[in-house]
1. Report, by residue number, each residue of region 72-85 that is of a type in the set (A, V, I, L, M) and within 8 Å of the chain's Cα centre (by Cα).
2. Can you name the number of the only condition in (1) of a type outside the set (Lys, Arg); (2) surrounded by 13 or more Cβ atoms within 10 Å (Cβ to Cβ); (3) in a loop (DSSP other than H, G, I, E, B) that Ala135 fails?
3. Which numbered condition trips up Thr94, out of (1) hydroxyl-bearing (Ser, Thr, Tyr); (2) in contact (Cβ under 8 Å) with a residue 12 or more places away in the chain; (3) out of contact with any Lys or Arg (no Cβ under 6 Å at 6 or more places or on another chain)?
4. One residue is enough: does region 111-127 have a residue meeting the conditions exposed (fewer than 15 other Cβ atoms within 10 Å of the Cβ) and in contact with a helix residue (DSSP H, G or I) (Cβ under 6 Å, 6 or more places away or on another chain)?
5. With the requirement that a residue be modelled with pLDDT of 90 or more and polar (S, T, N, Q), what does region 141-176 give you?
6. Go through region 84-102 and report how many residues are outside any helix (DSSP H, G or I) and crowded, with 23+ Cβ neighbours inside 10 Å.
7. Please state which one of Arg59, Arg88, Arg92, Arg100 is closer than 23 Å to Arg26 by Cα, modelled with pLDDT of 95 or more and either more than 9 Å from the chain's Cα centre (by Cα) or basic (Lys, Arg) (or both).
8. Could you go through region 116-125 and let me know if any residue there is assigned to a loop (DSSP other than H, G, I, E, B), among the aromatic types (Phe, Trp, Tyr) and in contact (Cβ under 8 Å) with a residue 12 or more places away in the chain.
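The values are calculated or read from the model by the stated rules, or taken from the named source; none is laboratory data. None of the values given here were measured: they were computed from a predicted structure. Methodologically, a virtual Cβ is constructed for each residue, glycine included, from the backbone with ideal geometry; neighbour enumeration extends over all protein chains shown.
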Amino acid sequence: AEAAVAAYRRMCGEDAVARARAWVRRTDALGAAAAEVLACRGTAEDSPSVLGALRETVRSQGPDAPELACLVDGAGRLGIACAAPVLRHVYRETASSQLRGRTARALAATDPTFATGFAVECLWDCEETTREVAAQHAETGDIRVAERLRRLAADPAEEVEVQLAVRNRIGPDLQV
(Lines give C-alpha, C1' and ligand atoms only; values in the text may rest on other atoms or scores of the structure.)
Protein backbone atom coordinates (compact mmCIF):
# COMPACT_ATOMS: atom_id res chain seq x y z
CA ALA A 1 0.00 0.00 0.00
CA GLU A 2 2.87 2.40 0.77
CA ALA A 3 4.30 1.93 -2.72
CA ALA A 4 0.92 2.69 -4.28
CA VAL A 5 0.54 5.88 -2.22
CA ALA A 6 4.10 6.94 -3.10
CA ALA A 7 3.40 6.31 -6.79
CA TYR A 8 0.18 8.32 -6.59
CA ARG A 9 2.03 11.28 -5.00
CA ARG A 10 4.29 11.37 -8.06
CA MET A 11 1.42 11.38 -10.56
CA CYS A 12 0.91 14.55 -12.56
CA GLY A 13 -1.95 15.83 -14.62
CA GLU A 14 -5.66 16.35 -14.32
CA ASP A 15 -6.42 12.69 -13.62
CA ALA A 16 -4.33 12.81 -10.44
CA VAL A 17 -6.03 16.04 -9.34
CA ALA A 18 -9.49 14.63 -10.11
CA ARG A 19 -8.73 11.54 -8.03
CA ALA A 20 -7.38 13.75 -5.24
CA ARG A 21 -10.66 15.64 -5.13
CA ALA A 22 -12.49 12.35 -4.66
CA TRP A 23 -10.05 10.94 -2.08
CA VAL A 24 -9.14 14.00 0.00
CA ARG A 25 -11.79 13.26 2.67
CA ARG A 26 -10.32 9.83 3.41
CA THR A 27 -8.62 9.53 6.79
CA ASP A 28 -5.85 7.19 5.65
CA ALA A 29 -2.52 7.62 3.85
CA LEU A 30 -4.30 7.95 0.51
CA GLY A 31 -6.36 10.86 1.86
CA ALA A 32 -3.17 12.55 3.08
CA ALA A 33 -1.55 12.00 -0.32
CA ALA A 34 -4.63 13.43 -2.03
CA ALA A 35 -4.39 16.56 0.13
CA GLU A 36 -0.75 16.95 -0.87
CA VAL A 37 -1.62 16.58 -4.56
CA LEU A 38 -4.27 19.30 -4.22
CA ALA A 39 -1.85 21.53 -2.31
CA CYS A 40 0.77 21.14 -5.04
CA ARG A 41 -1.38 21.02 -8.18
CA GLY A 42 -4.94 21.97 -7.25
CA THR A 43 -6.79 25.15 -8.14
CA ALA A 44 -8.65 27.77 -6.12
CA GLU A 45 -11.65 25.43 -5.93
CA ASP A 46 -9.48 23.09 -3.87
CA SER A 47 -8.67 25.74 -1.24
CA PRO A 48 -11.27 24.47 1.28
CA SER A 49 -9.86 20.93 1.04
CA VAL A 50 -6.26 22.11 1.45
CA LEU A 51 -7.25 24.32 4.39
CA GLY A 52 -9.14 21.43 6.00
CA ALA A 53 -6.15 19.11 5.59
CA LEU A 54 -3.81 21.77 7.00
CA ARG A 55 -6.01 22.28 10.07
CA GLU A 56 -6.51 18.56 10.64
CA THR A 57 -2.81 17.79 10.28
CA VAL A 58 -1.84 20.47 12.81
CA ARG A 59 -4.59 19.32 15.19
CA SER A 60 -3.82 15.60 14.97
CA GLN A 61 -0.04 15.54 14.42
CA GLY A 62 1.20 18.88 15.69
CA PRO A 63 3.28 21.68 14.15
CA ASP A 64 6.15 19.44 13.11
CA ALA A 65 4.24 16.88 11.02
CA PRO A 66 6.16 15.97 7.85
CA GLU A 67 3.03 16.50 5.71
CA LEU A 68 2.87 20.15 6.72
CA ALA A 69 5.57 21.33 4.31
CA CYS A 70 3.45 20.58 1.25
CA LEU A 71 0.21 21.82 2.85
CA VAL A 72 1.84 25.07 4.01
CA ASP A 73 3.25 25.63 0.51
CA GLY A 74 -0.19 24.92 -0.95
CA ALA A 75 -1.91 27.39 1.36
CA GLY A 76 0.51 30.05 0.17
CA ARG A 77 0.34 29.05 -3.49
CA LEU A 78 -3.46 29.13 -3.44
CA GLY A 79 -3.51 32.36 -1.39
CA ILE A 80 -5.84 30.95 1.27
CA ALA A 81 -6.27 34.05 3.44
CA CYS A 82 -8.25 32.27 6.14
CA ALA A 83 -5.28 29.90 6.63
CA ALA A 84 -3.27 32.73 8.21
CA PRO A 85 -4.19 31.89 11.85
CA VAL A 86 -3.12 28.25 11.40
CA LEU A 87 0.03 29.33 9.56
CA ARG A 88 0.90 31.77 12.37
CA HIS A 89 0.49 28.90 14.86
CA VAL A 90 2.78 26.64 12.81
CA TYR A 91 5.36 29.43 12.50
CA ARG A 92 5.39 30.01 16.27
CA GLU A 93 5.34 26.37 17.35
CA THR A 94 7.43 24.37 14.87
CA ALA A 95 10.91 23.27 15.84
CA SER A 96 11.89 23.09 12.15
CA SER A 97 13.66 26.17 10.83
CA GLN A 98 12.96 24.98 7.27
CA LEU A 99 9.22 24.67 7.93
CA ARG A 100 9.30 28.10 9.59
CA GLY A 101 10.76 29.50 6.35
CA ARG A 102 8.11 27.84 4.21
CA THR A 103 5.47 29.12 6.59
CA ALA A 104 6.86 32.66 6.36
CA ARG A 105 6.54 32.48 2.56
CA ALA A 106 2.93 31.26 2.89
CA LEU A 107 2.15 34.01 5.41
CA ALA A 108 3.53 36.61 3.00
CA ALA A 109 0.92 35.42 0.49
CA THR A 110 -2.02 35.05 2.90
CA ASP A 111 -1.65 37.37 5.90
CA PRO A 112 -2.20 41.10 5.36
CA THR A 113 -0.39 41.80 8.67
CA PHE A 114 2.74 39.86 7.69
CA ALA A 115 4.76 42.93 6.66
CA THR A 116 4.38 44.56 10.07
CA GLY A 117 4.36 41.39 12.15
CA PHE A 118 6.13 38.14 11.43
CA ALA A 119 8.23 39.61 8.59
CA VAL A 120 9.98 41.84 11.10
CA GLU A 121 10.78 38.83 13.30
CA CYS A 122 11.91 36.83 10.26
CA LEU A 123 14.71 39.31 9.56
CA TRP A 124 16.64 37.69 12.43
CA ASP A 125 15.88 34.06 11.51
CA CYS A 126 18.70 31.50 11.23
CA GLU A 127 17.53 30.36 7.76
CA GLU A 128 18.62 32.54 4.86
CA THR A 129 15.46 31.75 2.88
CA THR A 130 13.38 33.09 5.76
CA ARG A 131 15.48 36.26 5.97
CA GLU A 132 15.09 36.66 2.20
CA VAL A 133 11.27 36.51 2.45
CA ALA A 134 11.41 39.00 5.31
CA ALA A 135 13.66 41.36 3.36
CA GLN A 136 11.17 41.28 0.49
CA HIS A 137 8.13 42.03 2.65
CA ALA A 138 8.99 43.73 5.96
CA GLU A 139 7.53 47.21 6.39
CA THR A 140 10.45 49.61 5.96
CA GLY A 141 8.78 52.36 8.00
CA ASP A 142 9.73 50.46 11.16
CA ILE A 143 13.10 51.73 12.41
CA ARG A 144 14.09 48.19 13.48
CA VAL A 145 13.51 47.00 9.92
CA ALA A 146 15.49 49.83 8.34
CA GLU A 147 18.45 49.18 10.66
CA ARG A 148 18.33 45.42 10.12
CA LEU A 149 18.15 45.82 6.33
CA ARG A 150 21.21 48.08 6.48
CA ARG A 151 23.10 45.48 8.51
CA LEU A 152 22.09 42.62 6.21
CA ALA A 153 23.17 44.63 3.16
CA ALA A 154 26.56 45.41 4.71
CA ASP A 155 27.26 41.93 6.09
CA PRO A 156 29.87 40.23 3.86
CA ALA A 157 28.90 36.83 5.29
CA GLU A 158 25.22 37.19 4.36
CA GLU A 159 23.85 35.01 1.57
CA VAL A 160 23.73 36.58 -1.90
CA GLU A 161 19.95 36.02 -2.24
CA VAL A 162 19.30 37.86 1.03
CA GLN A 163 21.54 40.76 0.06
CA LEU A 164 19.84 41.00 -3.34
CA ALA A 165 16.40 41.08 -1.68
CA VAL A 166 17.62 43.78 0.70
CA ARG A 167 19.12 45.89 -2.09
CA ASN A 168 15.86 45.64 -4.04
CA ARG A 169 14.05 47.14 -1.03
CA ILE A 170 16.50 49.83 0.00
CA GLY A 171 15.47 53.22 -1.24
CA PRO A 172 17.06 56.64 -0.90
CA ASP A 173 15.97 56.83 2.73
CA LEU A 174 17.69 53.53 3.60
CA GLN A 175 21.07 54.00 1.91
CA VAL A 176 23.78 51.77 3.32
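1. Once the filter is applied, which keeps residues that are of a type in the set (A, V, I, L, M) and within 8 Å of the chain's Cα centre (by Cα), region 72-85 yields Val72, Ala75.
2. (3)
3. Every condition holds for Thr94 apart from (3).
4. Yes, the conditions are met somewhere in region 111-127.
5. Across region 141-176, the qualifying residue is only Gln163.
6. Residues meeting the conditions: 0.
7. Going through Arg59, Arg88, Arg92, Arg100 in turn, just one is closer than 23 Å to Arg26 by Cα, modelled with pLDDT of 95 or more and either more than 9 Å from the chain's Cα centre (by Cα) or basic (Lys, Arg) (or both): Arg59.
8. Within region 116-125, the first condition is being assigned to a loop (DSSP other than H, G, I, E, B), and the residues that meet it are 117, 123-125.
Right, trim to among the aromatic types (Phe, Trp, Tyr) and you get 124.
Then drop every residue that is not in contact (Cβ under 8 Å) with a residue 12 or more places away in the chain, which leaves 124.
Yes, there is a match, as at least one residue in region 116-125 is assigned to a loop (DSSP other than H, G, I, E, B), among the aromatic types (Phe, Trp, Tyr) and in contact (Cβ under 8 Å) with a residue 12 or more places away in the chain.
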